[in-house]
Structure formats: C-alpha cells, structure tokens
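A short worksheet on the structure shown next.
The values are calculated or read from the model by the stated rules, or taken from the named source; none is laboratory data. What you are looking at is a predicted structure, and each value in this text was computed from that prediction instead of being measured. Here the Cβ positions follow ideal geometry from the backbone for every residue, glycine too, while neighbour counts run over all protein chains shown. Side chains included, ligands, DNA and RNA excluded: accessible areas come from the protein's heavy atoms. Shrake-Rupley method; radii C 1.70, N 1.55, O 1.52, S 1.80 Å.
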Amino acid sequence: MSVHMIIVMQHQAPKEQLDAVLERLTEAGFQLHISEGVSRTIIGVIGENTKERIAGMAVEAMAGVEKVVPILHPFKLAGREFKPEPTVINLGDLTVGGQEIQVMAGPCAVENEEQLLTVAQSVKEAGATILRGGAYKPRTSPYSFQGLEEEGLKLLAKTREATGLKIVTEVTGVEFVPVVAEYADILQIGARNMQNFQLLKAVGRTTKPVLLKRGPSATFEEWILAAEYIMTEGNFNVIFCERGIRTFESYTRNTLDISSVPVIKHLTHLPVIVDPSHGTGKWHLVTPMALAAVAAGADGLMVEVHPNPSQALSDGPQSLTPDNFLELMIQVRAVAQAINRQMGKLQ
Ligand code: PEP
Ligand code: MN
C-alpha cells in the first residue's frame, strides 16, 4: 500500500466540490488519506495503478481541483508534496513542531524512585517539559543493566503525577508496545530498532506520538521510510530524533549530523529534535551541540541528566549534572529567542 498520486484542491474550494471528488474516488475503490491544511485540502490516493486509473477518470477536470500530481519521492505520507504545512503535534498543553521548542531531559535509565524524582524536579525547574528515562534498555552488552521494565514505567508515571512533566520512554519490542503505551506520553523507538519494521507498524497502530531515532548507519531516505511504516498504519504523529551516526571518528561516540535538521524539514512536514548526549558521548560537548541544534531549527532536544553521573548505571560520561543542565537551558533559551522561537511551558 502506498500513496501514488496526490490531488491538490484549489485554495478555499467549497466543501461540496471536495465531497464530490472524494465520492468519485471512493466509488472507484481507492483508499484515501485526506490532509486538511490551512489554505487547501490535499488528498492522497492509494491503490493499484493509481496514475493510469486517475488519468482515465478526468479528476483533474472536476470543479475545485487544482492539480493531480504523482509523488516522486519514495516516501509518500511524510513528504512535503503530500502536506506542505508543518505538522504540529499536540501533547496536552505542549506542541511539538510549531513555534515551541520542547526539551526532553532525564536519566538514561530509570534506576530508582529517588534518582528519578531528583532529576525530574531539577530539569523541570530549569525549564524542561518532558521527562526522559529508559525502563527497557537496549544495551550493547547483555551483561549491562537492562532496565527496571514495568517497575520503571510505574516510577515514570508516579513522577509525572508529582511534577506534571510528560513522559517519553523507549519501547524495545512489539510485545512491550501495549504496556509502554499505557504509561508513556511519547513512545521512543531507539536507534537500534529504527528498521524493526514490525515494531514500527505496532507503534503505528497506537494513538501515541512516536519519537523515531535515527539508526546509527541510516541514510535520510531509510529514516524517512521508517516513519512511513508508522504513518501507513494511521499514526501521523512522528517526531524524528537525530542522535548521531557511525563514522570513522572514534573520539566522539557518534558523529552528530546537525544537517539532518534542515534536511528533514526540507523533505518532510514532521518535527525533528536532536539528542546531543548520544550524539557525542561526552558531557562537555552536549551544550555546544544543543545550541547548534536549536540554531539549525530543531523543534526540541533530548538530553541525559543524572544527579551523580559517575554513579550512573548507564551513559554516565555523557550525562549532565543538574547544574550543567541549568546552564544549557539558559543558553538554549537565548538562542531560541534570537530565532524567534519560544520555549515550551507546562501550564
Ligand atoms: C536512549 O535514548 O536511551 C538510547 C538508548 O538512545 P539511542 O537509541 O539513540 O542509542
Ligand atoms: Mn543513554
């Protein structure tokens, strides 16, 4: 199933004209994706031999139709051809992809109640709006700490109650989608799972926004096609997250590709955020790269913060102390202001 053609309605075409077009296409057996923008409606048409069949139906001649165009990119639903306006995802009183910049901060892994609450309170005070923390950890070694699993999800939910912060946490397998979706506000797909197509489809069948990390060796096209897997299941609320790619460089853990921010914005209508923690692997590089990300147009950041990084059960070397995170937020706020963006705020 893929969108082969898009039908762009004229600016402010009356509803009766839109309905007539939709009716004709539905009668012909096409599946439709309707995208209502501020100024015009765009219809994505899905089905076999779409191009030839639509040409034969003279849809272009119908009242209210501006143009009928084939989608040339391999990605259909995520592309700007399908939807020119940026997608703004609503998350309670927060938005992702609009004017606001959302900062997601917290420990790499949920370790215990006290650790989580301490970090949550400090990042909230500094201006973060979303708490991150892994309960299911995709560790490189099976001998490393694997996470508290459902117990960790419960601690995240409890901390949300106490602070009002939203929760983003990773789901590492299809079998965990229901339980993670029960607790989290945003489902995180980790870099290692970016091409776990069954998992992508499973989160696509939920109604929760999905944070889709870039695979360590994924091209832009592969990354956007991963989003397409989520969207073809009906979930259009995908947030891209650049977290660095593997290159020949070994001083940094990954090479953080800031160019992905304008590239994703150019090719797609979806929000994109940056994770300078996994992107660099070194805490002293996190703030400068966070500033670069916001300056490049990122819709948010994901930053690891730990009350005592040297004692962290995972990713201590790249974790900021609460004090360093506060300093990051002061500087990020100044960059946001310089480019006319606002920092997200919890009510
Ligand atoms: C994480 O954010 O906890 C994580 C494991 O990151 P990544 O999937 O980018 O390695
Ligand atoms: Mn981590």
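Some observations on this one:
- Number of the condition not met by A334 [criteria: (1) more than 27 Å from S250 (Cβ to Cβ); (2) open to solvent by less than 20 Å² (accessible area, probe 1.4 Å); (3) not charged (D, E, K, R)]: (2)
- Meets criteria (loosely packed, with under 15 Cβ neighbours inside 10 Å and touching a residue at least 24 places away in the same chain (Cβ under 8 Å)) for G173: yes
- Options V171, V123, V180, V119: the member that is touching a helix residue (DSSP H, G or I) at 6+ places or on another chain (Cβ under 9 Å), within 21 Å of R205 (Cβ to Cβ) and within 16 Å of ligand 2 (Cβ to nearest atom): V171
- Among residues that are in contact with a strand residue (DSSP E or B) (Cβ under 7 Å, 6 or more places away or on another chain) and within 16 Å of ligand 2 (Cβ to nearest atom), S319 is included.
- Output for region 103-160, where each listed residue is assigned to a loop (DSSP other than H, G, I, E, B), touching a residue at least 40 places away in the same chain (Cβ under 8 Å) and open to solvent by less than 10 Å² (accessible area, probe 1.4 Å): P107, C108, V110, A128, T129, A135
- Residue match in region 49-69 (condition: within 25 Å of the chain's Cα centre (by Cα) and under 26 Å from P271 (Cα atoms)): no
- Criterion violated by L211 - all others in (1) within 15 Å of ligand 2 (Cβ to nearest atom); (2) among the aliphatic types (A, V, I, L, M); (3) touching a helix residue (DSSP H, G or I) at 6+ places or on another chain (Cβ under 9 Å) satisfied: (3)
- Considering residues of region 15-24 that are under 34 Å from the mean Cα position of the chain (by Cα) and modelled with pLDDT of 95 or more only, the residue nearest to V38 (Cα to Cα): L18
- Scanning region 180-237 for residues that are part of a helix (DSSP H, G or I), closer than 13 Å to A78 by Cα and charged (D, E, K, R) yields E221, E222, E228.
- Note on region 297-314: residues that are under 22 Å from the mean Cα position of the chain (by Cα) and under 18 Å from T252 (Cβ atoms) amount to 4.
- Only one of N324, N340 that is open to solvent by 70 Å² or more (accessible area, probe 1.4 Å) and more than 15 Å from ligand 2 (Cβ to nearest atom): N340
- Residue within region 242-255 that is touching a residue at least 40 places away in the same chain (Cβ under 8 Å), open to solvent by 10 Å² or more (accessible area, probe 1.4 Å) and over 15 Å from the mean Cα position of the chain (by Cα) present: yes
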